[in-house]
Amino acid sequence: MGRFATTLLILFLLFCGLALLGYDDENCAIPMPLAESSEITVSIERIHNEQFQGYDFLLDLFLSNPDLSLCMKSFDLRIQYDGRALAYQSASLSETLRDCGWGSLSVTATELPDSTSALRVTARAADSIGPCRPIYFLNGVSDVIATLKFRVSTERRFNCTFVPIHFAWLDCQDNVLSSLSSDTSNRVLDVMYWIGDDSVGHVVGAPGYSGPSDSCPASPLSRNNIHYMNGGVSIVCSDSIGNDPIYGDLDLNGRAYEIEDVILYTQYFIYGLDMFWDVDSQTVASEANLDNEFLTTADVVYMVRILTCDAPVYSQLQHHSHTAVIDQQDGILTITSDVEVGAVSLVFSGAAEPELLYDEMYLKYDIVSGNLGVLIWSDGKNWIPAGTYQMLQLGIETKLKEAQAATYNGEIMNVEF
C-alpha cells in the first residue's frame, strides 16, 4: 500500500472512531470517564409571588449538571405536597428536552393516607439519539427540565400560607437519574430547603424525606451525587384581595346565591371577564358547587338549584363522570348525553342569529369580537333529557370552537364535538 493510501486509511479510521465516541463539531463531546467529584443539583421552584386561591400556577423543576462527562438518559422523580391545598392539573417536558428528542413526560399521581399527594415524574431520552452529546443527555445543562401545573384550593384555611412541595422517597427507585450506559445510577447526596431568601437547611434523619428507606439495598453501581432542593408556593393573604369573597356572591354585595348573581353569571358566558369589576374576588366567588373549578356552567346550574331549594348535597356530585357529544350538521346543532343536561355554553367562529330548537330552555347570545357566544340554560324547572336532541339552528358558515356542559345536578361534563 502506498504512503498516500495509508494516510487516507488512517484518516478514515480516525474519523470513524471519533464518530463512534460521539464527536460532533457543533454540539457533541467525546465522553470522558465519570469523575468522583461530579455532583448534580435537582430543585423544585420556590414561588415567592403569592398565588390566588382558585387559580392555576406553573411550577418548574430544574436540573444543574455542569459536568460534560456526566451523561444521563432518564430521570425518575417523586415529589409530595398537601393534596388539600393544591390539585395537580397537568405537566409538560421542557422545550429544551423536547427539541433534543426526549420522549413524552409521564406523571403518575397518588393520594396518600395522610391527606398528602405525590407525583412520580419520569422521562427518557430517545434510544436513537446515539452516543453522549451535551444537553441531549443532561450533561453541561443548567435549565428547566419539566413544568407542572397546579390549582390552589379555595379552602380559607390555606389563606396566607406557604405550601411546601418537596422530594419524597416512597420507593427505593425514586429520585434517580440513570446514566447513559445503564450501568450507573445517580442518587441522593443530600436534601435541602430554603431558610429565608439566601440560606438553606438540610433534611437529615428522616427516611422518606431525606432519602430512601434504610431497608433499600445499596447498589455498588450507584453514586450518591445529587443535591435535592425542596420548594413550594405562597398563597395570597385575603387582605391583599379587594374583598374577601363569599362563594356564590358573584356581584360582591355581601349576599350569596341571589337572582342577580345568576344573571351576572349568564352575562359572563357571553361577554367574559369584561363583566367583572374585581376579577380576582369574583372568580373566587363564582365557585358555587365546591368542585375547585371556577366560572363553569356547572356553577351556574348549581347556583340556580340553590335558588329553587332543591340542590343536591355537594358530596353527591360526580364531576367528569358523564359525557355530552355535540354535533353540527347543516346548521343544526344536536346534543347527545347519557344524563339530563342543565346548561350548555358555546362559542362559534363567525356571526349568526341562533334559533333555540328545544323550547323548554332559555337562550342567551351575542356576537363579541367576531365570535358568537351562546348560553343555553334553565331557571331550574327544566332540562334537556338524556338522549339525542336538537338544540340550535345556525348558519352553516359558523363553526363550533369551544363548549362546556353541565348536568342538571350541577356536575361538570366531559364534552366532545
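The values are calculated or read from the model by the stated rules, or taken from the named source; none is laboratory data. Nothing here was measured: the structure is a model prediction, and the numbers come from that model. Note that each Cβ is placed from the backbone with ideal geometry, even for glycine, and that neighbours are counted across all protein chains shown.
What about TYR302, is it surrounded by fewer than 15 Cβ atoms within 10 Å (Cβ to Cβ) and under 27 Å from the mean Cα position of the chain (by Cα)? Break it down into steps so the answer makes sense when it comes.
On the way: surrounded by fewer than 15 Cβ atoms within 10 Å (Cβ to Cβ): no; under 27 Å from the mean Cα position of the chain (by Cα): yes.
Spelling it out, it is not the case that TYR302 is surrounded by fewer than 15 Cβ atoms within 10 Å (Cβ to Cβ) and under 27 Å from the mean Cα position of the chain (by Cα).
Given the residues LEU70, LEU105, LEU58, which is the only one that is modelled with pLDDT of 85 or more and crowded, with 20+ Cβ neighbours inside 10 Å?
Values: LEU70 fails: modelled with pLDDT of 85 or more; LEU58 fails: crowded, with 20+ Cβ neighbours inside 10 Å.
Selected residue: LEU105, the only one of LEU70, LEU105, LEU58 that is modelled with pLDDT of 85 or more and crowded, with 20+ Cβ neighbours inside 10 Å.
Pairs meeting the criteria (first residue in the stretch 224-238 and in the same structural domain as HIS202 (by TED's automatic domain parsing) and on the phi < 0 side of the Ramachandran plot, second residue of a type in the set (Ser, Thr, Tyr) and at pLDDT 90 or above, beta carbons under 6 Å, at least 6 apart or on different chains) are HIS227/THR41; MET229/SER43.
Would you confirm, using the coordinates I've provided, whether PRO245 is outside the structural domain of ASP299 (by TED's automatic domain parsing) and either at pLDDT below 75 or over 22 Å from GLU50 (Cα atoms) (or both)? First the steps, then the outcome.
Values: outside the structural domain of ASP299 (by TED's automatic domain parsing): no; either at pLDDT below 75 or over 22 Å from GLU50 (Cα atoms) (or both): yes.
No.
With a cut-off of at least 3 residues that are assigned by TED's automatic domain parsing to the domain that holds TYR302 and surrounded by 15 or more Cβ atoms within 10 Å (Cβ to Cβ), name the strands (runs of 3 or more DSSP E) lying wholly within the stretch 318-417. Before you say what the answer is, go through the steps one by one.
Numbers: elements: 323-329, 332-337, 341-349, 362-368, 371-377, 387-393, 399-407, 414-416.
Hits in the stretch 318-417: 323-329, 332-337, 341-349, 362-368, 371-377, 387-393, 399-407.
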